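Everything below concerns the one structure shown next.
Every number in this text was worked out from the coordinates using simple rules, so none of it is lab data. Just so you know, these numbers come straight off a predicted model, no measurement behind them. Neighbour counts run over all protein chains shown; Cβ positions are idealised from the backbone, glycine included.
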Amino acid sequence: MGITKSTDKKTGITYVYSSESYWDKDLKAPRNRKKLIGKIDKETGEIVPTGKRGRKPKNAACSQEGTDYKALYEEAKEQLLQKEQDIQALRSELSELKASLKQADQRLEKIRSILK
């Protein structure tokens, strides 16, 4: 097992991988397994872990300190009630449109029967 470095040409960031060599029976050739360890900090030269464990929140909104969950719950509840009312209004409008379409189809059938 060894450690390899690879530089991304677009960003210029140097990533550090742990590399393990193994024999691939199907290809009958040696292969490598690489696992990302982190990236090298340009200023200090130290390896900075990447991945879920090493990431920090992008903004302060991600932090959970001072979050009023009760207020968030009430707000979500109100939004849900409003959406349910909107859905009910749309359903009633849909049923009215279906009734109107049915009447139009009946009129059209009468006209067709007269024309024949």
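See the values below:
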read-out	value
Label-point separation, Ile47 to Tyr22 (7 Å along Cα→Cβ), nm	2.0 nm
Helix axis angle, 69-115 relative to the chain longest principal axis, alpha carbon, degrees	40 degrees
Partners for Lys70 among lysines (Cα-Cα distance below 25 Å; same-chain residues under 8 apart left out)	Lys58, Lys83
Filter on Lys5/Lys34; Lys5/Lys25; Lys9/Lys42; Lys5/Lys28 - keep pairs with C-alpha separation over 18 Å	Lys5/Lys25; Lys5/Lys28
Taking region 1-40 and dividing mean pair separation by its residue count, relative contact order in percent (alpha carbons under 8 Å, at least six apart)	37 percent
